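The values are calculated or read from the model by the stated rules, or taken from the named source; none is laboratory data. All figures in this text were calculated on a predicted structure; none of them were measured in a lab. Don't worry about glycine lacking a Cβ; one is built from the backbone with ideal geometry, like all the others, and counts go over all protein chains shown.
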Amino acid sequence: MLIAVSGGIDSVVLTHLCHALGLNFSLAHCNFNLRAEESNKDEAFVLELAEALDVEVFIQNFDTEAYAKAHKRSIQMAARELRYDWFKELATQLKFDYILTAHHADDNLETFLINFTRGTGLNGLTGIPMLNDNVVRPLLPFSRLQIEAFAKEQKITWREDASNASRKYLRNKLRHEVVPILKEINPQLLDSFQNTIHNLNDTAFIVENSLKAFAERAIVSKDSFGTTYKVSEFKNTGNPKAYLFEIFKNYGFTEWHDIVDLLDAQSGKFVKSNTHRLIKHREYLILADLKSTTIESVTLSADEVQNGIIKTAFGDLFFDEVDAVSETSKKCIYVDKELLKFPLVLRLWKEGDTFQPIGMTGKKRVSKYLKDEKLSLVEKENTWVLTSEDKIIWVLGKRADERFKITKNTKQILIIAIR
């Protein structure tokens with residue numbers, strides 16, 4: 001196991017408990033360089049602790065303020081991201097089974113109150129999990145007073161962090177000003193809180209199972225374009241907004257009234273977060289990543305086509321000369337190679353593009369063709385065309401062009417396929 005140790009009473013007590021039990025562990029200490037010489041003294045203390053207990057220790061120094069500024073995070077959030085990223089990196093590289101942190105019952109209460117004051121759903125009120133992937137918090141059942149009593153009884157020394165007394169941070173403000181009043185009102189506050197957390201977790205379990213059953217009914221498909229949900233399933237619930245929130249809350253959306261309005265919106269309407277879009281398409285909602293296409297076109301020389309396989313954004317594009325035509329499909333076409341003018345260009349379609357769908361005598365706008373095919377907004381945005389002298393040879397995966405088809409006079413047959 002890897003124990004996250006700051007030098008404070010909680011993590012030092014956890015370390016001594018694990019040592020007393022004869023467990024196999026190493027220590028990991030983060031120096032965030034936020035308290036000048038005090039930070040260095042914490043580091044020195046942890047090194048001495050590791051030496052006294054004869055255990056391995058890892059130390060990492062961070063420029064926390066620079067990270068917070070670069071990533072637009074609060075100092076506390078920056079420190080949290082830095083330490084957990086490092087702990088997980090250590091665990092992966094050195095094959096630790098578990099990462100132990102020293103969160104206790106008072107931390108749990110404070111986290112509950114922080115989430116409560118900021119506004120949250122049920123998950124924000126279920127407290128800090130005892131086990132979260134490979135992160136374990138063995139001290140969660142115990143209060144700060146119990147830990148202090150144990151440390152004094154066992155004559156365990158630790159480092160005091162002066163910043164814990166500051167009212168600057170919300171957590172400290174709650175710890176020093178709000179929680180004491182609550183404990184005065186109810187001396188058994190932590191016991192009552194633990195019961196509440198257990199009840200809320202039981203309720204969360206029921207909700208999670210209900211949402212899984214709902215998702216199984218609502219999800220139509222999952223593919224490279226996104227996840228498609230039936231609008232009717234949301235409408236059939238007694239509270240569509242609640243289900244929309246629970247299903248999509250982890251994708252950065254904030255405009256929940258706009259998302260509810262999508263249920264009755266026209267096709268093509270969407271709501272966007274920093275990472276995703278939720279798009280109305282006929283009788284469906286499509287959840288799609290916000291992918292920025294960095295490559296909008298690829299030029300293919302005659303030599304590259306001759307080599308056979310070209311890597312693309314959507315898979316391998318395969319070229320080969322064949323003697324005869326076998327069965328065609330949306331992912332495979334045959335063209336008269338002599339009609340091609342190199343280099344070919346593979347690109348995203350654009351407004352104004354036209355082609356002559358195979359089997360037709362006249363031209364058609366690609367935009368009209370995609371609309372007639374009833375493609376979703378995401379599918380349209382991710383439609384590529386293969387061109388020769390800006391004439392479309394193939395709307396990839398959909399329809400070939402009449403002008404390049406093979407005839408009885410064709411001497412060189414070229415197969416083009418998506419793999």
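So, of the residues in the range 370-387 that are touching a residue at least 40 places away in the same chain (Cβ under 8 Å) and in a strand (DSSP E or B), which turns out to be farthest from Leu348 (Cα to Cα)? Out of the qualifying residues, it is Thr387. Looking at Glu304, is it among the acidic types (Asp, Glu), modelled with pLDDT under 90 and either in the same structural domain as Glu389 (by TED's automatic domain parsing) or closer than 30 Å to Leu386 by Cα (or both)? Against the criterion (among the acidic types (Asp, Glu), modelled with pLDDT under 90 and either in the same structural domain as Glu389 (by TED's automatic domain parsing) or closer than 30 Å to Leu386 by Cα (or both)), Glu304 qualifies.
Please go through the range 335-366 and give me each residue that is assigned to a helix (DSSP H, G or I) and farther than 15 Å from Ala400 by Cα, ordered by number. Spell out the reasoning first.
Step one: of the range 335-366, the residues assigned to a helix (DSSP H, G or I) are 337-339, 366.
Across the range 335-366, the qualifying residue is only Glu338.
Per the conditions (1) touching a strand residue (DSSP E or B) at 6+ places or on another chain (Cβ under 8 Å); (2) assigned to a helix (DSSP H, G or I); (3) closer than 13 Å to Val135 by Cβ, the sole criterion not satisfied by Asp85 is (1).
Scanning the range 229-245 for residues being surrounded by fewer than 19 Cβ atoms within 10 Å (Cβ to Cβ) and either touching a residue at least 40 places away in the same chain (Cβ under 8 Å) or within 22 Å of the chain's Cα centre (by Cα) (or both) gives a total of 4.
Residues are listed down the side, and each one gets a yes or a no for (1) in contact (Cβ under 8 Å) with a residue 24 or more places away in the chain; (2) under 30 Å from Thr410 (Cβ atoms):
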site	(1), (2)
His257	no, no
Asp261	no, no
Tyr284	yes, no
Asp289	yes, no
Val322	yes, yes
Trp349	yes, yes
Phe355	yes, yes
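Cβ-Cβ distances below 7 Å connect the following pairs, each with a first residue in the range 104-127 that is assigned by TED's automatic domain parsing to the domain that holds Pro138 and in a loop (DSSP other than H, G, I, E, B), a second residue that is small (Gly, Ala, Ser) and surrounded by 15 or more Cβ atoms within 10 Å (Cβ to Cβ), and a separation of six or more residues or different chains: His104/Ser143; Thr126/Ala204.
Just checking, how many residues over the range 165-199 are free of Cβ contacts under 8 Å to residues at least 24 places away in the same chain and within 28 Å of Gly7 (Cβ to Cβ)?
Taking the range 165-199 and keeping what is free of Cβ contacts under 8 Å to residues at least 24 places away in the same chain, we get 165-168, 172-173, 176-177, 180-188, 191-192, 195-196, 198-199.
Checking which are within 28 Å of Gly7 (Cβ to Cβ) leaves us with 165-168, 172-173, 176-177, 180, 183.
Summing the residues that are free of Cβ contacts under 8 Å to residues at least 24 places away in the same chain and within 28 Å of Gly7 (Cβ to Cβ) in the range 165-199 gives 10.
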